[in-house]
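Visitor: One structure coming up, written as structure tokens, with questions to follow.
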Amino acid sequence: MKGSSAKKGRERGLAGVLRRAMLFLSFAVLLLCPFAASASPPADRAPEHALKAAFLYNFAKFVTWPAEPSSPENAAFCIGVVGEDPTFEALEELVEGKTIDGRPIRVERFKGLHSLDPCHILFIPEGTSSSTKETIRSASAPGVLTVGEADDFARLGGVIRLFMEEKKMRFEINPAAAEEAGLYISSKMLALARLVEGGGRQEERP
């Protein structure tokens, strides 16, 4: 019984952290405060994986995906996480009962880069692959918002890179990679990001 009570206590604590992180993010975006610089609470006040989950959820609100003619209007919006990163559990807790454009949200865990199914947002934690180029080649596809953590992720063709700086969660965007994937990113979100020059994957083609 004690173990069960402790587990419930941890779950309630995580839910509270996620709610606070979401409030910070949503309020900052509405005020056009720097999403990257001050939208998240300091890392010593919230687990990093909870902040990542909140950012991933909020990204979905400011990105437009290409039309999916073969999918029903109420098909689930999928956010995928590669590997055993705790961001997966944080996302499951965060999106429960929520929707994106009226669509239910499904969180999927993928064992590796070679076992991916179609999804709208794909989070690739640092250390998933020894090569960032290999990661991007495996993960990038039309209609997929790739979000990674490797230092050169966005520069080499990933769409968004999440990183910690001065105890705050920040992000950078590669607009050319977003365009190549058929994604439209809101100007509000672009204004709050560090933009990365270059076309990434396009530049590698002969």
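Visitor: Are any residues in segment 170-199 modelled with pLDDT under 90 and in contact with a strand residue (DSSP E or B) (Cβ under 7 Å, 6 or more places away or on another chain), and if so, which ones?
Guide: The answer is none; no residue qualifies.
Visitor: Grab the helices (runs of 4 or more DSSP H) fully contained in segment 29-140, keeping just those with 2 or more residues being within 25 Å of Gly157 (Cα to Cα) and at pLDDT below 90. Don't jump to the end; show me each part of the working.
Guide: Details: elements: 35-38, 48-59, 87-95, 132-139.
Filter on segment 29-140 gives 35-38, 132-139.
Visitor: Separate question: Working only within segment 86-111, note down all residues that are in contact (Cβ under 8 Å) with a residue 24 or more places away in the chain and either buried (at least 21 other Cβ atoms within 10 Å of the Cβ) or closer than 16 Å to Val144 by Cα (or both).
Guide: Scanning segment 86-111 gives Thr87, Ala90, Leu91, Leu94, Val95, Ile100, Ile105, Arg106, Val107, Glu108, Arg109, Phe110.
Visitor: Still on this structure, please answer the following. Residue under question is Gly112, and the condition is that it be under 18 Å from His49 (Cβ atoms) and among the small types (Gly, Ala, Ser); does it hold? Reasoning before the result, please.
Guide: On the way: under 18 Å from His49 (Cβ atoms): no; among the small types (Gly, Ala, Ser): yes.
It is false that Gly112 is under 18 Å from His49 (Cβ atoms) and among the small types (Gly, Ala, Ser).
Visitor: Sort through Ala191, Ala177 and tell me the only one that's aliphatic (A, V, I, L, M), crowded, with 19+ Cβ neighbours inside 10 Å and in contact (Cβ under 8 Å) with a residue 24 or more places away in the chain. Steps first, please.
Guide: Working: Ala191 fails: crowded, with 19+ Cβ neighbours inside 10 Å.
Within the list Ala191, Ala177, the selection yields Ala177.
Visitor: Take the conditions buried (at least 21 other Cβ atoms within 10 Å of the Cβ), of a type in the set (Phe, Trp, Tyr) and in a loop (DSSP other than H, G, I, E, B) and apply them to Phe153. Does it pass?
Guide: Details: buried (at least 21 other Cβ atoms within 10 Å of the Cβ): yes; of a type in the set (Phe, Trp, Tyr): yes; in a loop (DSSP other than H, G, I, E, B): yes.
The answer is yes for Phe153.
The values are calculated or read from the model by the stated rules, or taken from the named source; none is laboratory data. A quick note: this is a predicted structure, and the numbers were derived from the prediction, not measured. Reconstructed Cβ throughout: ideal geometry from the backbone, glycine too, with neighbour counts over all protein chains shown.
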